[in-house]
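Undergrad: One structure, pasted below without further comment.
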Amino acid sequence: QVQLVESGGGLVQPGGSLRLSCAASTNGFSTYAMAWFRQAPGKQRQWVARINSIGSTNYADSVQGRFTISRDNAKKTLWLQMDSLQPEDTAVYYCNAAWGPLIYWGQGTRVTVSS
């Protein structure tokens, strides 16, 4: 069982920045593909960004160029740097870890972008 704990959410004005963190409990963190998802009110959860075990990254079109996913395997931590935030980025953001058929989710951290 892997526990994922997100932090760093909050209220930010449009154009602002936030950095989300996800701390993992597993010593096998480096072997997991990690990702961020988000779920806006009344909408389905959607994929935001992923980073594999060797550091290759992919982004949803809606966040490409504004968000940066990164990881530190020694610290067992995943980050999501979010810049140029817009109201449509408002959502609960979830950390996701995947290894083969095993998938784990964090409890989420809320991000609100509003003036």
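Undergrad: Hey, among the residues in the range 61-115 that are hydroxyl-bearing (Ser, Thr, Tyr) and touching a Gly at 6+ places or on another chain (Cβ under 9 Å), which one's farthest from Leu4 (Cα to Cα)?
TA: It comes out as Ser84.
Undergrad: Select from the range 1-47 the residues that are farther than 13 Å from Val113 by Cβ and of a type in the set (D, E, K, R) and write down the one among them that is surrounded by the most Cβ atoms within 10 Å (Cβ to Cβ).
TA: Ranking the candidates gives Glu6 first.
Undergrad: Hey, among the residues in the range 95-115 that are aromatic (Phe, Trp, Tyr) and over 19 Å from Arg19 (Cα atoms), which one's farthest from the chain's Cα centre (by Cα)?
TA: Trp99
Undergrad: Check Arg110 against each of (1) crowded, with 19+ Cβ neighbours inside 10 Å; (2) within 15 Å of Gly8 (Cα to Cα) and name the one condition it does not meet.
TA: (1)
Undergrad: Restricting the search to the range 60-78, which residues are open to solvent by 30 Å² or more (accessible area, probe 1.4 Å) and within 11 Å of the chain's Cα centre (by Cα)?
TA: Hits for the range 60-78 are Thr68, Ser70, Arg71.
Undergrad: Can I ask one more? When the residues of the range 48-59 are narrowed to those that are more than 14 Å from the chain's Cα centre (by Cα) and either among the polar types (S, T, N, Q) or on the phi < 0 side of the Ramachandran plot (or both), which ends up surrounded by the most Cβ atoms within 10 Å (Cβ to Cβ)?
TA: Filtering the range 48-59 for residues that are more than 14 Å from the chain's Cα centre (by Cα) and either among the polar types (S, T, N, Q) or on the phi < 0 side of the Ramachandran plot (or both), the one surrounded by the most Cβ atoms within 10 Å (Cβ to Cβ) comes out as Ser53.
The values are calculated or read from the model by the stated rules, or taken from the named source; none is laboratory data. Given the structure is predicted, the values throughout are model-derived calculations rather than measurements. Backbone-built Cβ (ideal geometry, glycine too); neighbour counts: all protein chains shown. Protein only, heavy atoms only, side chains kept; ligands, DNA and RNA dropped before computing areas. Shrake-Rupley method; radii C 1.70, N 1.55, O 1.52, S 1.80 Å.
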